[in-house]
Amino acid sequence: MKTFDYSTLNNLVITPEMTTKISQIGELRGQLAQLAPREAAVLDRLLEVAKIQSTDASNRIEGIFTSDTRLRQLVQHRIQPHDRSEEEISGYRDVLDLIHDQYAYMPIRATTILALHKKLFAFTASTWGGQFKDRDNQIVTVFEDGTTETRFTPAPAIATPQLMTDLCQGYEHALMEAKMPAVLLAGAFVFDFVSIHPFRDGNGRMSRLLTLLVLYRSGFEVGKYISIESLIEQTKTDYYRVLKESSDGWMANANTYTPFLNYFLSILLQSYRDLVARVRPATTKTSAVALIQTALEEALKPLSKRELMGLIPTYSEVTIARELNALLNEKKIVKVGQGRSTKYRLV
């Protein structure tokens, strides 16, 4: 039977690369602790952008999406969902908001996870929300060309309730023991949740929501202001690869967590780097035009208005839109694409 040895994580050897990433994450957390009290307005803007980006990216990974306008209106609770995709988007929005606001009151227990899953499907006609799977399933990777690959066969449905209880208890006990860095325990918990695949539907979205929750409860609040979901979406190929590499021997407790944890640390480190970079410029006032041009120069690719808003939290959406139009009129930038996929690049 699968067990969760969170005291050693299957005798995990913390590599020098992992140690360096953990150290850098700690340093960036310290910098943010000094910057945050002075930059409340900037953080508030980042929070609103991150909510939209996270809801969009996590659902889009699963092939669930709507228009940019309706997405923003749904996240801001200004409209009601009108189809299945928007119902699922609305459920994600509500769980995301709940974790942001109430994470301190959400112990990592099977009952907590079931309650969150129920809310994820609250707007849909689905009958399995808040219930563990009643049939065996497989973890299938869907590639961009439409082809699929069965990556892993999770634990059978009959074993799932006990496995989820054991997982949560093993994780919480290891946190109290503090023998292993909390950030590694968080990554291992997310990986094992995905490997159990405890629900008929919504496992991927729940894994990303639980990533936010376990990080919050361990003192890593970067997911409030930077969309971790977006970073995962941008690196989907690597994400699926490390899941597969860390899955070998999972049921026999012989798997290695190293590939997934190394990836997990990279995503968390990039999140902190992005947040520090976006907060720090607020200390020296630079024009919106200059920041837009700099962002486009450094990106080395076209950027959407939403992406620019996330990179330039010192200015409002209205200001960024106005300056984009000015740069277009001055023929300093051009549009790439139309409608939902409109982006901008330097001439």
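Details
- Some residue of region 293-303 being touching a strand residue (DSSP E or B) at 6+ places or on another chain (Cβ under 8 Å) and within 22 Å of residue 69 (Cβ to Cβ): yes
Yes/no matrix, rows are residues, columns are (1) part of a loop (DSSP other than H, G, I, E, B); (2) of a type outside the set (D, E, K, R); (3) crowded, with 20+ Cβ neighbours inside 10 Å:
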{"residue": "229", "(1), (2), (3)": "no, no, yes"}
{"residue": "256", "(1), (2), (3)": "yes, yes, no"}
{"residue": "259", "(1), (2), (3)": "no, yes, no"}
{"residue": "263", "(1), (2), (3)": "no, yes, yes"}
{"residue": "286", "(1), (2), (3)": "yes, yes, no"}
{"residue": "310", "(1), (2), (3)": "no, yes, yes"}
{"residue": "321", "(1), (2), (3)": "no, yes, no"}
{"residue": "326", "(1), (2), (3)": "no, yes, no"}
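- Flag if residue 165 is of a type outside the set (Lys, Arg), without any contact (Cβ under 8 Å) to a residue 12 or more places away in the chain and surrounded by fewer than 15 Cβ atoms within 10 Å (Cβ to Cβ): no
- Verdict on residue 13 being of a type in the set (A, V, I, L, M, F, W, C) and out of contact with any Asp or Glu (no Cβ under 9 Å at 6 or more places or on another chain): yes
- The listed residues are 118, 51, and the only one of them that is more than 22 Å from residue 268 (Cβ to Cβ) and modelled with pLDDT of 95 or more turns out to be 118.
- Of residues in region 45-62 being in contact (Cβ under 8 Å) with a residue 60 or more places away in the chain and more than 14 Å from residue 90 (Cα to Cα), the one surrounded by the fewest Cβ atoms within 10 Å (Cβ to Cβ): 47
- Residue count, region 226-270 (criterion: farther than 18 Å from residue 143 by Cβ and under 11 Å from the mean Cα position of the chain (by Cα)): 9
- For region 211-223, taking the residues that are surrounded by fewer than 22 Cβ atoms within 10 Å (Cβ to Cβ) and in a helix (DSSP H, G or I), the one that is nearest to the chain's Cα centre (by Cα) is identified as 216.
- Residue pairs whose Cβ atoms lie under 6 Å apart, sitting 6 or more positions apart in sequence or on different chains, and linking a residue in region 241-255 that is on the phi > 0 side of the Ramachandran plot to a partner that is of a type in the set (Ser, Thr, Tyr) and in a loop (DSSP other than H, G, I, E, B), are 253/3.
- Test: residue in region 240-252 that is outside any helix (DSSP H, G or I) and surrounded by 20 or more Cβ atoms within 10 Å (Cβ to Cβ): yes
The values are calculated or read from the model by the stated rules, or taken from the named source; none is laboratory data. Keep in mind the model is a prediction, meaning the values are calculated, not measured. No Cβ is skipped: glycine too gets one built from the backbone with ideal geometry, and neighbour counts run over all protein chains shown.
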